[in-house]
1. On the given criteria, is A:Asp225 farther than 27 Å from B:Met265 by Cα, over 18 Å from the mean Cα position of the chain (by Cα) and either charged (D, E, K, R) or more than 8 Å from chain B (Cβ to nearest Cβ) (or both)?
2. Are any of the residues in the stretch A:105-124 within 14 Å of another protein chain (Cβ to nearest Cβ), surrounded by 18 or more Cβ atoms within 10 Å (Cβ to Cβ), under 30 Å from B:Thr273 (Cβ atoms) and aliphatic (A, V, I, L, M)?
3. Pick out the one residue from B:Ala133, B:Ala120, B:Ala169 that is part of a helix (DSSP H, G or I) and small (Gly, Ala, Ser).
4. If a residue must be over 15 Å from B:Val141 (Cα atoms) and touching a helix residue (DSSP H, G or I) at 6+ places or on another chain (Cβ under 6 Å), how many such residues does the stretch B:442-461 contain?
5. Scan the stretch A:56-89 residue by residue and report those that are buried (at least 17 other Cβ atoms within 10 Å of the Cβ), within 14 Å of another protein chain (Cβ to nearest Cβ) and either part of a strand (DSSP E or B) or modelled with pLDDT of 95 or more (or both).
6. Within the stretch B:159-177, track down each residue that is crowded, with 22+ Cβ neighbours inside 10 Å, farther than 17 Å from B:Pro130 by Cα and in contact (Cβ under 8 Å) with a residue 40 or more places away in the chain.
7. Just for the stretch B:271-299: of the residues that are more than 14 Å from chain A (Cβ to nearest Cβ) and surrounded by fewer than 22 Cβ atoms within 10 Å (Cβ to Cβ), which one is farthest from B:Cys91 (Cα to Cα)?
8. Just checking, how many residues over the stretch B:140-171 are charged (D, E, K, R) and at pLDDT below 95?
Amino acid sequence: MYKILRAEELTTNIYLFEVEAKRVAKACLPGQFVIVRVSDDDERIPLTISDYDREKGTITLVVQTIGAGTWKMRDLKAGDSFRDFVGPLGQPSEFVHEDLEELKKKKIIFVAGGLGTAPVYPQVKWLHENGIDADVIIGAKTKDLLIYEKDMEAVAGNLYVTTDDGSYGRSGMVTVTLKDLVEKEGKTYDRCVAIGPMIMMKFVCLTTKELGIPTIVSMNPIMVDGTGMCGACRLTVGGEVKFACVDGPEFDGHLVDFDQAMRRQTMYKTKEGRDMLKVQEGDTHHGGCGNC
Amino acid sequence: MDVLKRVPVREQDAKERATNFDEVCLGYNKEEAMCEAERCINCKNARCITGCPVSIDIPRFIEQVKLGNIEEAYQIISESSALPAVCGRVCPQETQCEGKCIRGFKGDPISIGKLERFVADWARENGIKPTGAKEKLNKKVAVIGSGPAGLTCAGDLAKLGYDVTIFEALHETGGVLVYGIPEFRLPKEKVVKAEIENVKSLGVKIETNVVIGKSTTIDELMDEEGFDAVFIGSGAGLPKFMGIPGEQSNGVFSANEYLTRSNLMKAFDDDSTTPIMRGKKVAVVGGGNVAMDAARTALRLGSEVHIVYRRSEEELPARVEEVHHAKEEGIIFDLLTNPVEILADENGWVNGIKCVKMELGEPDESGRRRPVVVEGSDFVIDVDTVIMSLGTSPNPLISSTTKGLEVNKWKCIVADEEHGKTTKEGVYAGGDAVTGAATVILAMGAGKAAAKGIHEYLSQK
């Protein structure tokens with residue numbers, strides 16, 4: 001059992017859990033994920049790590065509790081436990097293996113969409129701790145759904161917040177801010193890292209291709225075991241079949257076949273399931289369902 | 001009674017079982033087992049033992065069955081095997097012990113597998129446990145993977161008094177016994193769990209949710225956690241696909257995914273939260289035991305199922321009994337047929353599989369006749385689900401994170417057959433991680449050999 005030390009509802013349908021998982025906390029690096037099960041007979045749910053504390057031996061996860069599998073997590077409180085918690089899985093972000101001096105010369109921009117803001121955080125934090133301040137764009141549908149703004153502010157170089165409806169910060173999609181920064185505000189970037197719903201990552205990649213910025217994305221396809229055994233998470237990247245769980249989850253966004261990935265993500269979504277998702281997600285309904 | 005004929009084993013009726021996940025074979029009762037045991041002529045130079053990868057003293061345990069001393073028979077089997085109820089069900093006895101049986105020259109060989117199964121089931125039902133070590137040695141061994149190789153190695157070492165911990169990547173113990181082999185061939189609660197409990201009763205500790213190569217490494221286990229030796233029984237690995245067009249369509253699965261959903265995640269049960277595709281018509285590509293398992297699972301989930309295999313029936317790598325059961329249940333065999341493309345509708349969902357007819361040419365390097373395409377023979381089988389059962393390639397998680405551990409050109413871990421010794425001191429390996437996908441019993445044989453190797457190594461240290 002893996003004990004929950006902190007449970008918080010960050011905003012509607014988005015919950016944060018800090019969980020005791022000593023082995024994972026000792027070994028993990030930014031970009032990796034874990035698989036959890038709430039209790040016996042539950043699904044295995046892959047979640048990207050949002051923070052880690054090696055001394056306390058804890059991992060922080062941020063979860064959107066909208067699916068059949070995650071719905072149950074709304075009831076979890078500090079003191080409760082996850083039945084299973086395995087990781088760290090997947091490859092760490094590329095930059096953790098790069099030469100720090102070389103890396104310091106690079107201008108990096110992170111583009112975080114919705115829930116994707118949480119897994120961007122440990123990457124920006126890692127860079128900050130190593131003396132590199134990266135710029136960050138956070139996008140949310142509306143002001144109330146914004147997460148991690150304060151935490152991000154503390155570790156980012158420049159932080160740009162945008163909301164689709166203009167209720168806070170800049171107005172419009174993340175791609176608008178990204179374009180404005182480069183084309184109107186004189187920023188140059190050597191690298192972009194985009195994490196969010198697949199549809200957002202697809203459009204960020206289309207934009208950065210235009211702007212000539214190499215882009216890394218973090219893919220979140222359907223998974224079962226997460227160790228390379230089942231092949232459910234396979235993607236086409238640059239014409240080759242890759243397993244997100246062992247080869248990824250991060251890939252060169254300009255090579256990912258997003259349309260195929262989004263289609264495969266809908267594999268188990270029935271008509272009824274999609275309708276339920278829309279009801280449950282309400283205003284946060286944001287791709288994923290395969291209908292929009 | 002005709003001594004040339006074996007006592008028939010009771011099975012669930014084919015029509016009935018095609019709609020449920022209950023066990024197909026019902027096994028012998030004591031009377032039937034004693035009757036079958038009578039046929040054994042107790043050869044002095046028993047060939048059956050040489051056919052068994054874990055060298056069970058077969059004539060000696062059958063002798064006890066003959067006398068009705070089932071507990072005694074169980075202890076004899078336990079000297080050599082940690083998983084007799086499993087082996088009695090899934091071993092390919094026809095090519096191993098039973099294939100060597102003298103009785104088989106003129107008539108049916110002794111039903112050794114069914115007798116082993118009876119003895120193990122009887123022991124479980126009567127609460128008989130294997131005997132543990134008399135004294136503990138103060139030496140720690142880590143076993144990676146709780147499948148057949150790992151459980152056997154751990155069991156043998158614990159019996160010798162070692163302090164053994166198994167590390168399992170999944171949330172459940174048993175490896176292929178829980179994620180791969182279906183309930184109707186190998187009941188999970190009744191058989192697999194019980195045999196794992198027996199291994200635990202020998203003092204073996206099991207830590208689940210630990211992926212070696214990720215959560216920690218072999219070097220850390222040895223340098224920081226004080227393990228004196230390590231056995232790698234991490235299993236087969238990444239599923240293979242054909243590389244034909246349309247393979248990423250919705251509705252194409254690896255057999256590993258399909259079976260893991262059904263077996264490990266219990267998706268066959270309507271109450272399970274893990275979904276599984278219940279296609280109307282399913283093509284399973286491949287002819288091995290895993291293909292038969294996937295096909296018979298799909299059938300039970302209500303699908304019409306085709307096995308698509310490029311060679312002829314004679315070359316099917318699956319056990320004869322599995323093919324026979326599959327046919328009885330109504331699986332359609334499209335033999336000498338090879339897929340060339342998976343067809344999909346405008347939304348990317350599978351709606352057919354385009355195949356070509358094959359004919360057999362000259363024998364290839366495997367000794368089997370090479371299938372050759374019949375030109376212009378392509379045709380479409382109308383299906384909405386395709387399950388690829390083409391074998392696996394090794395998982396690099398461990399080999400890529402362990403210093404000094406060599407792999408061969410197929411990326412399998414290099415280990416000697418006699419002791420499972422790898423190129424790294426104190427590290428042993430066996431099972432599919434070494435040989436590529438093979439059988440439960442061969443993995444157990446390798447686990448056993450490695451336990452012996454580790455014991456010799458640690459006795460000298």
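1. Answer is no for this residue.
2. The answer is no, given that none of the residues of the stretch A:105-124 is within 14 Å of another protein chain (Cβ to nearest Cβ), surrounded by 18 or more Cβ atoms within 10 Å (Cβ to Cβ), under 30 Å from B:Thr273 (Cβ atoms) and aliphatic (A, V, I, L, M).
3. B:Ala120
4. Residues that pass the stated criteria total 3.
5. Within the stretch A:56-89, A:Ile59, A:Phe82, A:Asp84, A:Phe85, A:Val86, A:Gly87, A:Pro88, A:Leu89 qualify.
6. B:Ile166, B:Phe167, B:Glu168, B:Ala169, B:Leu170, B:Gly175, B:Val176, B:Leu177
7. B:Lys280
8. Residues flagged as charged (D, E, K, R) and at pLDDT below 95 within the stretch B:140-171 amount to 2.
The values are calculated or read from the model by the stated rules, or taken from the named source; none is laboratory data. Please read these numbers as outputs of a predicted model, since none were measured by experiment. Positions of Cβ are backbone-derived with ideal geometry, glycine not excepted, and every protein chain shown enters the neighbour counts.
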